[in-house]
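Heads up, the thing below is written out as structure tokens.
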Amino acid sequence: MKPLLLGVLGCSLVLSVHALYSPSDDVVELTSSNFNREVIQSDSLWLVEFYAPWCGHCQNLAPDWKKAATALKGIVKIGAVDADQHKSLGSQYGIRGFPTIKIFGANKNKPEEYQGGRSSQAIVDGAMNALRTLVKERLSGKSGGSGYNKQSGGGSSGGSKKDVVELTDDNFDKLVLDGDDVWMVEFFAPWCGHCKNLEPEWAAAATAVKDQTKGKVRLGAVDATVHQGLSSRYGVRGFPTIKIFKKGEEPEDYQGGRSRGDIIERALDLFSDNAPAPEMLEILSEDILKKTCEDSQLCIIAVLPHILDTGAAGRNSYLDVMVKMADKYKKKMWGWLWTEAGAQMDLEASLGIGGFGYPAMAAINTRKMKFALLRGSFSETGIHEFLRELSVGRGSTATLGGGVMPKIYAVEAWDGKDGQLPVEEEYDLSDIELDDDDFRKDEL
């Protein structure tokens with residue numbers, strides 16, 4: 001019986017690692033198959049945690065998440081998505097670290113990121129604040145609920161059609177073929193049942209893709225029964241047919257799934273494949289830091305040695321490593337910045353860098369005022385390991401000094417050249433007369 005007992009214990013240990021939530025909890029387990037029904041089509045306010053079972057921060061959050069779910073039962077819905085298992089949902093909502101908490105309120109198509117504390121009391125307070133906001137919006141006449149006002153006779157979108165571009169014989173070439181953006185185009189027929197089923201998924205995906213790719217990947221739709229020339233040109237023989245258009249290349253057939261998560265995931269892959277590496281900016285003013293970090297989930301900041309210590313060649317070698325890493329992680333759409341040691345002393349102090357250990361690197365989340373420091377080598381391998389850990393929620397973080405962004409000083413941009421020591425002033429002493437007594441005193 002002992003081997004059997006050990007086997008049962010082993011299984012239970014494995015299950016305890018992988019299942020942070022169970023049916024007995026008040027946390028609703030959400031999956032790719034039930035998310036749309038439970039959350040999107042619901043009139044309730046939802047707080048949804050996207051987690052990975054192996055994530056230490058997620059494991060620490062679980063008891064408070066359960067406690068908050070019990071306290072809010074019947075008032076606010078509390079859910080959890082194993083984003084490691086349901087990757088399409090994680091991709092759909094731009095999840096880049098664990099745990100991430102989203103608030104699904106009046107507009108379910110555009111959830112807000114929860115920025116509050118992680119204790120059960122803080123979660124309850126955040127939920128009640130969101131609930132009050134939702135109630136006020138409904139009282140003022142703003143729409144709530146799922147946001148899907150499905151229109152009859154359509155084929156490409158559900159809810160608001162504003163982010164699905166209507167393509168016609170007149171505008172197709174100009175927008176799709178001559179533009180620089182990547183396009184996913186649905187050819188549909190209004191009477192097609194499969195097209196009607198795709199409608200809400202295509203619309204939701206269009207909004208998410210527009211936001212997450214900053215308009216670089218666009219979703220369009222062609223009514224093939226009206227614009228038969230386009231349908232014939234691209235050999236469309238069934239509905240719906242989805243094709244991918246990249247500038248200067250032959251269109252390719254989309255072979256993925258038809259859920260919004262599948263569509264978004266493919267669109268983000270297309271964006272990553274075609275996007276340039278993020279710009280590497282020197283911190284010359286407060287505006288540069290503010291704009292770069294506020295527009296990005298994370299800001300990667302390097303403090304490089306003084307130019308007199310490395311010369312131009314040494315500095316460029318560090319910047320080359322950063323450029324390669326920025327390109328590798330460009331799908332994350334992080335901001336990338338650098339400064340010279342000693343140029344931004346308040347920033348260094350708030351990060352605990354403080355005058356030694358250059359080059360140094362930190363990743364800052366300005367929304368949460370949290371940061372993490374590179375502990376390994378300033379190399380492709382060391383930085384990759386650092387960023388990979390952050391991506392999956394494993395990185396060790398601390399609160400930015402004072403809980404506010406430090407003062408940034410205006411400095412001149414590096415000119416790309418080696419540094420030069422300051423020239424000492426020369427003094428002409430020929431007109432100064434010294435008597436013999438002065439020399440005798442010095443000798444004594």
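The values are calculated or read from the model by the stated rules, or taken from the named source; none is laboratory data. Predicted model, so just to flag it, every value in this text is computed and none were measured. Backbone-built Cβ (ideal geometry, glycine too); neighbour counts: all protein chains shown. Quick note on the areas: whole protein, heavy atoms, side chains included, nothing else; ligands and nucleic acids left out. Shrake-Rupley method; radii C 1.70, N 1.55, O 1.52, S 1.80 Å.
Here are some notes:
- Among [x] 275; [y] 193; [z] 160, the entry derived from the coordinates for volume of the Cα convex hull per residue in Å³: [x]
- Around the amide H of VAL28, modelled in the peptide plane, lie the amide H atoms of ILE78, GLY79, ALA80, all under 5 Å away and 5 or more residues distant in sequence or on another chain.
- Reported to the nearest whole Å, the Cα centre-to-centre distance from region 344-411 to region 172-236 is 42.
- Other-chain or far-sequence residues with amide H under 5 Å of THR100's (modelled H): PHE50
- Under the Karplus curve 6.51 cos²θ - 1.76 cosθ + 1.60, θ = phi - 60°, whole-Hz ³J(HN,Hα) for region 100-107, x wherever Gly or Pro sits: 10, 10, 10, 9, 9, x, 4, 9
- Here region 229-349 is assigned +1 on the Cβ of each Lys and Arg and -1 on the Cβ of each Asp and Glu. Its dipole about the Cα centre then comes out at about 840 debye.
- Solvent-accessible area per residue, Å², over the chain with all protein chains present [probe radius 1.4 Å]: 53
- Only protein atoms count toward the accessible area here, which uses a 1.4 Å probe; on the chain, the carbon and sulfur part of that area reaches 51 percent.
- ³J(HN,Hα) computed for each position of region 402-412 - Karplus, 6.51 cos²θ - 1.76 cosθ + 1.60, integer Hz, glycine/proline x: x, x, 9, 5, x, 5, 10, 9, 6, 10, 7
- Taking region 28-140 as the region of interest, the number of lysine pairs whose Cα atoms are within less than 26 Å, with members eight or more places apart or on different chains, is 24.
- Magnitude of the charge dipole, the chain, Cβ model with Lys/Arg +1 and Asp/Glu -1, debye to 20: 4180
- Backbone HN-Hα couplings from phi across region 395-401 [Karplus 6.51/-1.76/1.60, Hz, Gly and Pro as x]: x, 7, 10, 9, 7, 4, x
- Summing Cβ point charges (Lys, Arg +1; Asp, Glu -1) relative to the Cα centre of region 20-152 gives a dipole of roughly 440 debye.
- Working from Cα pairs under 8 Å separated by at least six residues, relative contact order for region 161-274 is 38 percent.
- When SER32, SER296 are compared by accessible area of protein heavy atoms, the largest-first order is SER32, SER296, using a 1.4 Å probe.
- For the pair GLU250 and ARG132, label points projected 7 Å from Cα toward Cβ lie 6.1 nm apart.
- Farthest positive-ward along region 303-344 dipole, Cα basis, beta-carbon charges - from PRO305, THR339, MET325: MET325
- Percent RCO, i.e. relative contact order, over the chain, from Cα pairs under 8 Å lying at least 6 residues apart: 12
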